[in-house]
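Novice: Here it is: the structure, laid out below.
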Amino acid sequence: MSILKVARMGHPVLRERARPVSKSELRDSLMQKLIDDMIDTMHEYHGVGLAAPQVHEGLRLFVALLDEDPGPKSEATVIVNPEILPSGSAKEEGWEGCLSIPDIRGMVPRFTDITVAALGRDGKPIELRLKNFSARVAQHETDHLDGVLFFDRMTSMQSLTYLDEYSRYHAKDDD
Ligand code: ZN
């Protein structure tokens with residue numbers, strides 16, 4: 001397994017629409033290795049999610065920690081070709097960061113209750129009902145597959161903050 005290089009904002013791959021992954025591609029050992037490497041890379045940089053375009057692969061695939069309170073023991077979930085269906089129209093503002101936009105945080109409105117229909121890494125269909133933080137992570141990562149970054153979803157730039165200032169002045173808002 002290896003740690004992959006993460007594309008930073010400005011790299012064109014982050015602005016392209018990724019293509020679906022076929023079931024036969026998922027049976028390829030190179031695709032399975034990419035998935036394992038993405039999980040390792042996400043953990044290495046203490047992320048809660050990582051989408052394939054962030055490691056220069058234009059594929060509709062992401063890995064994420066979808067527990068409500070992700071910690072070191074959380075298992076990564078692999079999501080392929082996701083479709084997001086909001087349950088209702090309720091949105092909530094919450095802090096987000098991105099491994100492709102290092103050391104920046106901003107407040108982003110997201111649906112609070114969604115269903116994600118996708119394939120798992122074994123090619124079998126999965127359906128996940130996600131709420132609050134895990135729903136936020138899934139929407140952020142699915143946006144990457146469409147070339148969308150969290151800045152694009154912000155309704156105001158006033159909350160933009162560097163990580164140090166986030167920790168000093170805003171982290172408490174989260175709890
Ligand atoms: Zn991101």
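The values are calculated or read from the model by the stated rules, or taken from the named source; none is laboratory data. These numbers come from a predicted model, not from an experiment. Heads up, the Cβs are rebuilt from the backbone with ideal geometry, glycines too, and the neighbour counts pull from every protein chain shown. These accessible areas exclude ligands, DNA and RNA; they are computed on the full protein's heavy atoms, side chains included. Shrake-Rupley method; radii C 1.70, N 1.55, O 1.52, S 1.80 Å.
Novice: Just flag the GluC sites (Glu not before Pro) in segment 56-90 sitting in loop per DSSP whose Cβ has no more than 12 other Cβ atoms within 10 Å.
Specialist: Details: sites: 57, 68, 75, 83; in loops: 57, 68, 75.
Here the GluC sites (Glu not before Pro) that fit, given the DSSP loop and packing criteria, are 68, 75.
Novice: Expressed as an acute angle from 0 to 90° and rounded to the nearest 10, what is the orientation of the C-alpha long axis of helix 132-145 relative to the principal long axis of the chain?
Specialist: Taking Cα atoms only, the helix is inclined about 60 degrees.
Novice: Using a 1.4 angstrom probe, figure out how much accessible area segment 12-174 has per residue, in square angstrom, rounded to the nearest whole.
Specialist: Working: 8390 Å² over 163 residues.
Solvent-accessible surface per residue comes out at 51 Å².
Novice: Tell me the trypsin sites (Lys or Arg not before Pro) within segment 1-30 that lie in a loop according to DSSP and have at most 11 other beta-carbon atoms within 10 Å. Walk me through the intermediate numbers first.
Specialist: Working: sites: 5, 8, 15, 17, 23, 27; in loops: 5, 8, 17, 27.
Qualifying residues, ordered by number: 5, 17, 27.
Novice: Rounded to whole Å and sorted largest first, what semi-axes of the equivalent ellipsoid does the C-alpha gyration tensor of segment 75-160 yield via the square root of 5 times each eigenvalue? Don't jump to the answer; show the numbers that get you there.
Specialist: On the way: eigenvalues 109, 46, 21 Å².
For segment 75-160, the ellipsoid semi-axes come out as 23, 15, 10 Å.
Novice: Roughly how many debye, to the nearest 20, is the charge dipole of the chain about its Cα centre, given +1 on each Lys and Arg Cβ, -1 on each Asp and Glu Cβ, and no other charges? If you can, show how the numbers build up before the last one.
Specialist: Details: 21 positive and 29 negative charges, 95 e Å.
It works out to roughly 460 debye.
Novice: From the helices alone, meaning DSSP H stretches of at least four residues, give me the mean residue ellipticity at 222 nm for the chain, per-run term -39500 (n - 2.57), in deg cm²/dmol to the nearest 500. Could the numbers behind the result be given before it?
Specialist: On the way: 4 runs with 38 residues, N = 175.
-6500 deg cm²/dmol, from helical runs alone.
Novice: Separate question: Across the chain, how many lysine pairs separated by 8 or more positions, or lying on different chains, have Cα atoms within less than 28 Å?
Specialist: Taking the chain as the scope, the lysine pair count is 14.
Novice: Here is a further query. Mind grabbing the accessible area of residue 3 for me, 1.4 Å probe, Å², rounded to tens?
Specialist: Approximately 80 Å² for this residue.
Novice: When the convex hull of the C-alpha atoms of segment 134-175 is computed, what volume per residue in Å³ does it have? Walk me through the numbers before you get to the answer.
Specialist: Working: hull volume 3.9 nm³, N = 42.
Expressed per residue, the convex hull around the Cα atoms of segment 134-175 is 94 Å³.
Novice: Could you look at segment 12-174 and say what percent of its accessible area is carbon and sulfur, using a 1.4 Å probe and all protein chains? Before the final figure, lay out the partial values.
Specialist: Numbers: 4190 of 8390 Å².
Carbon with sulfur: 50 percent of the solvent-accessible area.
Novice: Okay, next question. Suppose we look only past 24 Å in the calculated P(r) of segment 12-174. What percent of the Cα-Cα pairs does that tail hold? Let's see the in-between values first.
Specialist: Values: 4116 of 13203 pairs.
Value for segment 12-174: 31 percent of Cα pairs lie more than 24 Å apart.
Novice: I want the antiparallel fraction of DSSP beta bridges within the chain, as a percent rounded to 5.
Specialist: Numbers: 28 of 29 bridges.
Rounded to the nearest five, the antiparallel share is 95 percent.
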